[in-house]
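J.: I am attaching a structure below and will ask some questions about it afterwards.
The values are calculated or read from the model by the stated rules, or taken from the named source; none is laboratory data. Everything quoted here is computed from the prediction, not taken from an experiment. No Cβ is skipped: glycine too gets one built from the backbone with ideal geometry, and neighbour counts run over all protein chains shown. The area values use the complete protein model at the heavy-atom level, side chains included, leaving out ligands, DNA and RNA. Shrake-Rupley method; radii C 1.70, N 1.55, O 1.52, S 1.80 Å.
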Amino acid sequence: MKRFLIAGNWKMNKLSEDAEEFVRGLRAKMLPNEKDVCILAPFTLIAGVGKALEGSAIGFGAQNVHFEESGAYTGEVSVPMLKELGITHCIVGHSERREYFNETDDTVNRKLRALLDAGITPILCVGESLEVREAGGEQTFVAGQLIADFSGLPAADAAKVVIAYEPIWAIGTGKTATPEQAEEMCAFIRGVLSGVYDNATGDSLLILYGGSMKPGNAKELLEKPDINGGLIGGASLKVDDFAAIAMAAASL
Ligand code: PGA
């Protein structure tokens, strides 16, 4: 049976009251696939979300982390700090961090290692810009990100990384990749990592699609053989929309 992960990326949204109301609402939906759902919250909300999720199988986590354990890194948050809150997942290398906050493949690689060492599941984002796609370079670009981001990771660790293919031109734009475009790239990603590691590792990877996924288009994307779920921004802010996407995965 195909495995799924439906991950909500709240980005820089919500205050605690709204976040906790969302969690109560999500739990009330009694999703049959709670263990395949997680919420990535801003740092300030993580503890409250974790508390509100106690006794539920829904995962939760952060949208970024620093790779050092502690030290003079003003404004940063480390893996042990997040581990203490009980997080299960953490986004790494989101295109907004790569674009606005100088995230590089080297820092992404270090963050992946730090999270894996702590037993937290990284959700690694990759994806090309519109210029790259229009020039036909999307596969070369994404393969380059994968090779650099996974550099030095043994197969046993690589298999634990969730990958989210998020074409930058589809994020927050309302312009979704077609199911065929998304499937083509997710299959390509699986192939690249099967080549770097082996087929068993490639086959076991969870590969998500992200970019304007919503209740109206989730099913046709999630039905594709190489798409194991979604990283959902805008549509993860409303509990009904997010739950509808989780239900679409549960129905497959
Ligand atoms: P979006 O964001 O669903 O709002 O396009 C997805 C993401 O950036 O993770």
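J.: Can you give me the number of residues within segment 175-222 that are touching a Gly at 6+ places or on another chain (Cβ under 6 Å), aliphatic (A, V, I, L, M) and assigned to a helix (DSSP H, G or I)?
T.: 1
J.: Please enumerate the residues belonging to segment 65-82 that are in contact with a helix residue (DSSP H, G or I) (Cβ under 9 Å, 6 or more places away or on another chain) and not aliphatic (A, V, I, L, M).
T.: HIS66, PHE67, GLU68, GLU69, SER70, SER78
J.: In addition: Quick one: which of ARG113, ARG97 is modelled with pLDDT of 95 or more, among the basic types (Lys, Arg) and within 16 Å of the ligand (Cβ to nearest atom)?
T.: ARG97
J.: If you don't mind, another one. Scan segment 212-252 residue by residue and report those that are among the small types (Gly, Ala, Ser), within 10 Å of the ligand (Cβ to nearest atom) and modelled with pLDDT of 95 or more.
T.: Initial filter on segment 212-252 (among the small types (Gly, Ala, Ser)): 212, 216, 218, 229-230, 233-236, 243-244, 246, 248-251.
Pick out the ones that are also within 10 Å of the ligand (Cβ to nearest atom) and you get 212, 230, 233-236.
If the condition is that a residue be among the small types (Gly, Ala, Ser), within 10 Å of the ligand (Cβ to nearest atom) and modelled with pLDDT of 95 or more, then GLY230, GLY233, GLY234, ALA235, SER236 are the ones that fit.
J.: Could you list, in sequence order, the residues of segment 175-188 that are of a type outside the set (S, T, N, Q), open to solvent by less than 50 Å² (accessible area, probe 1.4 Å) and within 16 Å of the ligand (Cβ to nearest atom)?
T.: Listed by number, the residues that qualify are ALA177, PRO179, ALA182, MET185, CYS186.
J.: Which one is surrounded by the fewest Cβ atoms within 10 Å (Cβ to Cβ) among residues in segment 22-59 that are of a type in the set (D, E, K, R) and free of Cβ contacts under 8 Å to residues at least 40 places away in the same chain? I'd like the intermediate steps shown before the answer.
T.: Initial filter on segment 22-59 (of a type in the set (D, E, K, R)): 24, 27, 29, 34-36, 51, 54.
Imposing the further condition that a residue be free of Cβ contacts under 8 Å to residues at least 40 places away in the same chain reduces the set to 24, 27, 34-35, 51, 54.
Numbers: ARG24: 12, ARG27: 16, GLU34: 18, LYS35: 14, LYS51: 12, GLU54: 8.
Residue satisfying both the conditions and the ranking: GLU54.
J.: Sticking with this one: Quickly run through segment 192-211 and pick out the residues that are open to solvent by less than 40 Å² (accessible area, probe 1.4 Å) and more than 16 Å from the ligand (Cβ to nearest atom). Please lay out each step first, then the result.
T.: Step one: of segment 192-211, the residues open to solvent by less than 40 Å² (accessible area, probe 1.4 Å) are 192-194, 201-202, 205-211.
Those that are open to solvent by less than 40 Å² (accessible area, probe 1.4 Å) and more than 16 Å from the ligand (Cβ to nearest atom): VAL192, LEU193, SER194, THR201, GLY202, LEU205.
J.: So, of the residues in segment 69-94 that are free of Cβ contacts under 8 Å to residues at least 24 places away in the same chain and surrounded by fewer than 13 Cβ atoms within 10 Å (Cβ to Cβ), which turns out to be farthest from the ligand (Cβ to nearest atom)?
T.: ALA72
J.: Out of segment 164-174, which residues are in a loop (DSSP other than H, G, I, E, B) and open to solvent by less than 20 Å² (accessible area, probe 1.4 Å)?
T.: Restricting attention to segment 164-174, the residues satisfying the condition of being in a loop (DSSP other than H, G, I, E, B) are 166-167, 171-174.
Within segment 164-174, GLU166, PRO167 qualify.
J.: Restricting attention to segment 95-122, and to residues there that are aliphatic (A, V, I, L, M) and over 24 Å from GLY233 (Cβ atoms), which single residue is surrounded by the fewest Cβ atoms within 10 Å (Cβ to Cβ)? Break it down into steps so the answer makes sense when it comes.
T.: Start the filter on segment 95-122 by keeping residues that are aliphatic (A, V, I, L, M), which leaves 108, 112, 114-116, 118, 120.
With the extra rule that they be over 24 Å from GLY233 (Cβ atoms), the set shrinks to 114, 116, 118.
On the way: ALA114: 21, LEU116: 19, ALA118: 16.
The selected residue is ALA118.
J.: While we're looking at this one, here's another question. Can you go through LEU231, LEU221 and tell me which one is under 15 Å from the mean Cα position of the chain (by Cα) and buried (at least 17 other Cβ atoms within 10 Å of the Cβ)? Don't jump to the end; show me each part of the working.
T.: Details: LEU221 fails: under 15 Å from the mean Cα position of the chain (by Cα).
Matching residue, one of LEU231, LEU221: LEU231.
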